[in-house]
Amino acid sequence: MAQQPITLIGGGLVGALLAQQLAQRGFAVEVFEKRADPRRAGFIGGRSINLALAERGLQALRSAGLADDVLQHAVMMRGRMVHDLDGNSALQRYGVDDSEVIWSVSRGTLNMLLLDAAEAAGVQFHFGQSLIGADFDAQRIRMADATGVERDLPFGMLIGADGAGSSVRAAMNAHSPLGERIESLGHGYKELEIPPAGELPAAVLRLSGGRDQFALEPHALHIWPRGGYMCIALPNTEGSFTVTLFLPAQGEAPSFATLPDADAAAAFFSKQFPGLLSLIPRFNEDFDTHPVGTLSTLYLDRWHLDGRALLVGDAAHAIVPFHGQGMNCGFEDTVVLANLLAAAPDDSAEVFAEFQRVRLPNANAIAAMALENYVEMRDSVADPHYLAKRELGALLAARAPHHYMARYRLVTFSHVPYVYALERGRAQDALLEQLLRESPQVADIDLDAAVRLLQSSLPPLPVLRHG
């Protein structure tokens with residue numbers, strides 16, 4: 001039984017799951033969250049805000065005993081449904097079959113489920129409480145409630161799980177610089193919504209490919225790739241889809257700067273995303289009222305202040321959303337940290353240092369892959385050379401499964417470190433490029449010779465765990 005209490009700032013997804021896992025391991029945990037309790041005040045954040053739950057996040061939820069509950073509120077996505085300019089669509093599977101899928105889940109629903117689980121494990125939550133300062137020498141924090149009333153509180157271990165705009169990180173950085181670098185992508189996003197099929201005219205639905213209460217095929221992540229920009233749509237359990245437009249923030253058309261209002265945006269949609277505009281009946285309202293979100297990557301040299309304070313999740317390593325791994329990476333953090341603390345509850349300095357040693361390189365690796373995946377999603381999925389590499393990779397994976405697995409599958413459906421997935425993916429990609437340089441058509445490649453080259457060039461994959 002651990003004696004040192006833990007003060008956790010942030011009751012979002014990562015904070016709530018970490019709190020639950022620490023409480024399960026015998027720690028006394030108090031969580032301070034600046035928002036009101038979403039279970040009572042309602043979840044604030046647009047209509048849905050979807051997340052893609054993959055194997056790493058699922059494994060963390062399994063370790064907390066929550067996976068089955070979460071999956072009851074999720075929609076399976078088998079792959080990317082790619083929509084071209086002519087209105088045609090085709091599914092590109094993520095994995096080999098339905099054992100390799102990702103799940104669309106509402107942020108609000110998931111957060112509330114995690115809060116319930118943490119409270120059931122004995123975690124104390126304090127909502128409407130914002131961190132406004134910290135004295136790390138005295139090990140005290142200053143909190144303010146929604147009315148501005150301030151109070152000082154002591155802390156033993158302080159953990160910041162308070163997201164990309166972390167107040168804990170700002171306080172730590174002011175005390176001792178963390179080597180913070182924030183790199184803006186230069187692109188923004190705006191959320192729109194396709195309602196359930198019952199709210200749309202039959203004539204609009206006839207060509208959309210949906211079924212039951214869904215206006216589009218429900219078991220897919222829909223992408224309208226257009227080179228330097230794209231639209232995506234993720235399904236919700238009640239039949240709606242959350243649509244997200246990604247565009248450069250500034251510059252020549254198309255950019256958010258060149259779409260000043262809904263009328264300009266509707267004209268742009270009619271031309272670039274045929275068939276989609278008619279599925280968004282509240283387009284004008286959504287476009288004019290929803291803000292343009294920013295996209296950045298956070299890099300830190302240090303995540304902890306000896307044994308006094310530590311950052312986890314987006315507070316330590318916020319990334320762009322294009323690999324669907326931000327939440328999954330944060331959930332993976334919670335398992336690693338909870339296990340380390342349980343093994344050495346009285347040596348937080350060593351635990352925090354080991355957590356950083358293990359996780360920081362992997363956070364940097366998934367940050368790089370998320371940036372690369374944006375280019376793949378908005379451009380490469382419609383590129384013949386990319387499709388040839390994808391086809392060849394699938395053939396090699398079928399013939400030599402112990403030597404080849406697509407990088408996306410390594411990231412999404414296995415537990416190998418992100419660093420390994422990045423490095424192995426680059427090595428495999430170089431081999432595919434070599435093979436296609438010699439024979440640009442996949443049908444012309446000698447697959448037996450290609451397998452021999454693969455097996456002689458790369459060591460076998462590690463034993464991969466699913467589920």
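Remarks
- Subset of the range 78-107 [touching a helix residue (DSSP H, G or I) at 6+ places or on another chain (Cβ under 7 Å) and of a type in the set (Val, Ile, Thr)]: 82, 102, 105
- The range 149-165: number of residues that are in contact (Cβ under 8 Å) with a residue 60 or more places away in the chain and not in a loop (DSSP other than H, G, I, E, B): 5
- The range 114-138 - residue that is surrounded by fewer than 19 Cβ atoms within 10 Å (Cβ to Cβ) and not small (Gly, Ala, Ser) and, of those, nearest to residue 412 (Cα to Cα): 116
- The range 279-325 - residue that is among the aromatic types (Phe, Trp, Tyr) and farther than 21 Å from residue 221 by Cβ and, of those, surrounded by the most Cβ atoms within 10 Å (Cβ to Cβ): 303
- So residue 15, is it in a helix (DSSP H, G or I), open to solvent by less than 10 Å² (accessible area, probe 1.4 Å) and out of contact with any helix residue (DSSP H, G or I) (no Cβ under 6 Å at 6 or more places or on another chain): yes
- Verdict on residue 50 being closer than 30 Å to residue 289 by Cα, touching a residue at least 60 places away in the same chain (Cβ under 8 Å), in contact with a Leu (Cβ under 7 Å, 6 or more places away or on another chain) and open to solvent by 10 Å² or more (accessible area, probe 1.4 Å): yes
- Apart from one condition, residue 349 fits all of (1) aliphatic (A, V, I, L, M); (2) closer than 30 Å to residue 303 by Cβ; (3) out of contact with any Gly (no Cβ under 8 Å at 6 or more places or on another chain); (4) free of Cβ contacts under 8 Å to residues at least 60 places away in the same chain; the exception is (3).
- Pair list, Cβ under 6 Å, 6 or more apart: the range 1-29 residue modelled with pLDDT of 95 or more, other residue of a type in the set (Ser, Thr, Tyr): 17/334; 18/334; 21/334
- For the range 293-318, taking the residues that are more than 17 Å from residue 15 (Cα to Cα) and hydrophobic (A, V, I, L, M, F, W, C), the one that is modelled with the lowest pLDDT is identified as 295.
- Residue that is touching a residue at least 60 places away in the same chain (Cβ under 8 Å) and touching a Cys at 6+ places or on another chain (Cβ under 9 Å), where the choices are 269, 273: 273
- Per-region count, the range 93-105, residues over 18 Å from residue 60 (Cβ atoms) and either aromatic (Phe, Trp, Tyr) or buried (at least 21 other Cβ atoms within 10 Å of the Cβ) (or both): 1
- Just one of the listed residues (156, 227, 179) is touching an Asp or Glu at 6+ places or on another chain (Cβ under 6 Å), surrounded by fewer than 19 Cβ atoms within 10 Å (Cβ to Cβ), at pLDDT below 95 and of a type outside the set (Asp, Glu), and it is 227.
- Here residue 432 qualifies as at pLDDT 95 or above, touching a Gly at 6+ places or on another chain (Cβ under 7 Å) and among the aliphatic types (A, V, I, L, M).
- Entry remark, the range 352-386: residues being farther than 26 Å from residue 222 by Cα, open to solvent by 50 Å² or more (accessible area, probe 1.4 Å) and within 15 Å of the chain's Cα centre (by Cα) number 1 in total.
- The set of residues from the range 62-80 being touching a Gly at 6+ places or on another chain (Cβ under 9 Å) and assigned to a loop (DSSP other than H, G, I, E, B) comprises just one member, 78.
- Some residue of the range 196-209 being basic (Lys, Arg), open to solvent by 20 Å² or more (accessible area, probe 1.4 Å), within 23 Å of residue 98 (Cα to Cα) and free of Cβ contacts under 8 Å to residues at least 24 places away in the same chain: no
- Among the conditions (1) assigned to a helix (DSSP H, G or I); (2) at pLDDT below 95; (3) over 30 Å from residue 448 (Cα atoms); (4) among the aromatic types (Phe, Trp, Tyr), the only one that residue 386 does not satisfy is (3).
- Residues considered: 253, 257, 233. Of these, the only one that is at pLDDT 95 or above and either open to solvent by 20 Å² or more (accessible area, probe 1.4 Å) or part of a loop (DSSP other than H, G, I, E, B) (or both) is 257.
- Tally, over the range 81-108, of residues that are under 16 Å from the mean Cα position of the chain (by Cα) and either closer than 30 Å to residue 41 by Cα or part of a strand (DSSP E or B) (or both): 7
The values are calculated or read from the model by the stated rules, or taken from the named source; none is laboratory data. Given the structure is predicted, the values throughout are model-derived calculations rather than measurements. A quick note on method: Cβ atoms are made from the backbone with ideal geometry, for glycine too, and the neighbour counts reach across all protein chains shown. Keep in mind that these areas ignore ligands, DNA and RNA; they rest on the heavy atoms of the full protein, side chains included. Shrake-Rupley method; radii C 1.70, N 1.55, O 1.52, S 1.80 Å.
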